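To keep things clear, I will list the structure first and then write my remarks on it.
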Amino acid sequence: MDLFGKLSTYDFGGVHFRLDKATQLRAIVAVHDSRLGPALGGCRFIEYDTDEAAYEDALRLARGMTYKAALAGLPHGGGKSVIIRPRHHFDRVALFRAFGKFIDDLRGHYITAEDSGTGLEDMEIVRTMTKHVTGVDPAHGGSGDPSPFTALGVRRGIEACVKFKLGKNSLEGVHIAVQGVGHVGYHLCKELHAAGAKLTVADVDKLKSERAQREFGAAVVDIAAIPTVECDVFAPCALGAGINDDTVPRLKARIVAGAANNQLAEPSHGDDLHARGILYAPDYAINAGGLINVAQEVKGYDAKASREKTLKIYDTIYDICERSKRLSAPTHKVADIMVEEKLAAVVRA
């Protein structure tokens, strides 16, 4: 594994590793950048085929958090943690207590939160070991589950794309295909349904698809078929790399705008979308609502401020679209430039 080569590729700050044999904890904390403030980002808890896959996932996700925080105007850098889920029986409480001790040892350089495979209950366990955690129970000064705020921001971003690309002021009758209807995807469907959108959904868990069908009148298709649905908006809300060599040529949507992190398997796939005339809402710009929400916990949670800042995702996405048109440049490159300008300004200050 080329550890330092990967760090160079993602323009990195530092990576921390922790092995605790007693609890089977194998964790990685990646801190990409802290120029704007302490790194903030969730903890992913899933199985990985290899240690290298976990390492690279942490690097990619942490870099995305730097860009997400900067574009959202938050006083935080980007970080992410991954815990490699044990394949055999383990004590979840003991494992997350060990993880909390790991976070505490970093002394505030990185603040954790929930992500794929973790939830409020896990963050509550982490809270017993460190104060450097967000997404905890409101009874303890937290904001709870950030998924509704992520979904709110994505809905606002979709509205901005629909206004820019389709010239429509509302989502009434707009056909949106949602890939993945778990935590965020479910709440996004709830937002979209309330706004009058027509929904088609897919998930590897058929029970989740059936719930969306039952509650929101969504049409259900197989997970492999969702990118090929003829629709106005394709909304990836599952794990990353959903926009790739296989899916880009088959997309029949005019807009790609969803909640998943790292949607582009490679930056070139953003170029491919642009070449096809498909408007892409950069993932770290549109899905920042959850981060905006948990970031409010650091200095005292304010639900009203969280909502107000999340609603501004509409303006961010629309600005990216306008700049993209003016520069004849792909939206993902425009968003990157906007972030890099912010980070460079901090260095100059």
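The values are calculated or read from the model by the stated rules, or taken from the named source; none is laboratory data. As the structure is a computational prediction, the values presented were derived from the model and not from experiment. Because the Cβ atoms are built from the backbone with ideal geometry, glycine has one as well, and the counts that use them run over all protein chains shown.
What's the total number of residues in the range 17-45 that are within 17 Å of Arg97 (Cα to Cα) and not in a loop (DSSP other than H, G, I, E, B)?
First, the residues of the range 17-45 that are within 17 Å of Arg97 (Cα to Cα): 17-29, 42-45.
Filter once more, keeping what is not in a loop (DSSP other than H, G, I, E, B): 17-20, 25-29, 43-45.
Qualifying residue count, the range 17-45: 12.
Residue-by-condition table, conditions (1) surrounded by 15 or more Cβ atoms within 10 Å (Cβ to Cβ); (2) part of a strand (DSSP E or B):
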site	(1), (2)
Gln213	yes, no
Asp222	no, no
Pro227	yes, no
Cys231	yes, no
Phe234	yes, yes
Leu239	yes, no
Pro249	no, no
Gly258	yes, no
Asn261	yes, no
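If I filter the range 192-203 for residues that are within 25 Å of Asp315 (Cβ to Cβ), under 20 Å from the mean Cα position of the chain (by Cα) and at pLDDT 95 or above, do I get at least one hit?
Yes - at least one qualifying residue is present in the range 192-203.
Give me the residue from the range 36-56 that is farther than 22 Å from Arg92 by Cα and buried (at least 17 other Cβ atoms within 10 Å of the Cβ) and, out of that set, nearest to the chain's Cα centre (by Cα).
For the range 36-56, the residue satisfying everything is Leu40.
So if I check each of Leu311, Leu291, Leu279, which one is buried (at least 23 other Cβ atoms within 10 Å of the Cβ) and farther than 25 Å from Ala62 by Cβ? Walk me through it before giving the result.
Details: Leu311 fails: buried (at least 23 other Cβ atoms within 10 Å of the Cβ); Leu291 fails: farther than 25 Å from Ala62 by Cβ.
After applying the criteria, what remains is Leu279.
For the structure I just gave you, tell me whether Arg307 is over 18 Å from Phe164 (Cα atoms) and either assigned to a helix (DSSP H, G or I) or touching a Gly at 6+ places or on another chain (Cβ under 7 Å) (or both).
Taking the combined requirement at face value, the residue satisfies it.
Output the residues belonging to the range 139-151 that are within 13 Å of the chain's Cα centre (by Cα) and either farther than 20 Å from His193 by Cβ or hydrophobic (A, V, I, L, M, F, W, C) (or both).
Going residue by residue through the range 139-151, those that are within 13 Å of the chain's Cα centre (by Cα) are 146-151.
Result: Pro146, Phe149, Ala151.
Mind telling me which of the residues Gly173, Gly185 ends up being modelled with pLDDT of 95 or more, buried (at least 17 other Cβ atoms within 10 Å of the Cβ) and out of contact with any helix residue (DSSP H, G or I) (no Cβ under 7 Å at 6 or more places or on another chain)?
Gly185
Under the condition of being closer than 19 Å to Leu166 by Cβ and of a type in the set (Asp, Glu), which residue from the range 318-344 is surrounded by the fewest Cβ atoms within 10 Å (Cβ to Cβ)?
Among those residues, the one meeting the criterion is Glu322.
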